[in-house]
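Asker: Pasting a structure here, questions to come.
Please treat every number below as a calculation from the coordinates, not as lab data. Computed from a predicted model, the values in this text were never measured in an experiment. Using ideal geometry, Cβ is built from the backbone for each residue, glycine included, and neighbour counts are taken over all protein chains shown.
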Ligand SMILES: Nc1ncnc2c1ncn2[C@@H]1O[C@H](COP(=O)(O)OP(=O)(O)O)[C@@H](O)[C@H]1O
Ligand SMILES: [Mg+2]
C-alpha cells in the first residue's frame, strides 16, 4: 500500500476509467461492490487500482487478506486525501492501471463530493431496499444531482439494488423513486453468503468456483457491461446535447420537495 498522491501519473488519462462507489450509509454494499469489481478487473488485467476513502479501511483490509498468487491489485489508503477538496487533490491511479475504483463511504461536504465525482466515468450507488436506506439514499442522490452538479443525462450514474427481495413494499418504493429520476437500476444483487465468504478471503465472486457463484455472477455481469460501455454512454450523452457539465432542466424531485432551477 502507498500513500495517495505520490504517484507519477495523470488522473485525467483518457485510458483510465474512474469508477466511484458512493453512499454515505454504512452497510449498503460499497466495499463489497468495490472489491468485487477490483477482483474482476484484476483477472481481466492489467492490475486495477483500488482506492479506499474509508478511515476504517475495509477495502484495504480485504486487499491485505488477498492471497499473493491472485491477480494483482494496487491498493491506496486515501482517507485524508479524499476528505480534502480542491485542485491538486484529485486521486491518482498507478500508471499501469486501466481502472481505478474508489470506495467512498463518508458523508462528504458538497465540495468534496464534487471533487470525487466530477471526473468519474462511472458512479455506482449501491442501495439496500429497506425503508430507512431508501430514505437516506433519496436525500443523498438529490444532493448529488443538485449540489455536486451531477447530471443524470450524462449517463454516468447508476444504482445497484443490493440484497434484494424483490416483492417488498420498500423495493417497489425504491423503483418508483428512481424511475421518477430517470436513473437506471443496472443490477439487483442477491443476498448471498458468497459475498461474505469472498470478503473474508480477499477475493471476489468471479474468483470462486463457477458452480457456487453462478447466480451471483449473473447478477453482477450487467454492472461490468455497463462499466465497459462507458464510451457508448458518453456518445449517448453527447448526442442528447448534454455533455460534461451542461446544466440540466428541472431534474428533481417532487417526492423530496426540492427543485432545480
Ligand atoms: N449482497 C450481499 N449478500 C450478503 N451479504 C452482503 C451483501 N452485500 C454486502 N454484504 C455484507 O454486508 C456487510 C456490509 O457490506 P459492505 O460492502 O461492507 O457495506 P459498506 O461498505 O457500504 O458499509 C458486509 O459484511 C458484507 O459482506
Ligand atoms: Mg465499506
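Asker: Which order do the peptides 122-130, 175-183, 56-64 take when ranked by the mean count of other beta-carbon atoms within 10 Å per residue, highest first? Mind showing how you got there, number by number?
Answerer: On the way: 122-130: 23.8, 175-183: 15.4, 56-64: 19.2.
Those peptides, ordered most packed to least, come out 122-130, 56-64, 175-183.
Asker: So how much slack lies between residue 56 and residue 212, counting 0.36 nm per residue of separation and subtracting their Cα-Cα distance, in nm?
Answerer: 53.2 nm
Asker: Can you tell me which of 213-221, 231-239, 29-37 comes out highest on packing, and rank the rest after it, using the mean Cβ neighbours within 10 Å?
Answerer: So the order, starting with the most tightly packed, is 29-37, 213-221, 231-239.
Asker: Separate question: In nm, to one decimal, how far is the residue 64 label point from the residue 197 one, both placed 7 Å along Cα→Cβ?
Answerer: 2.5
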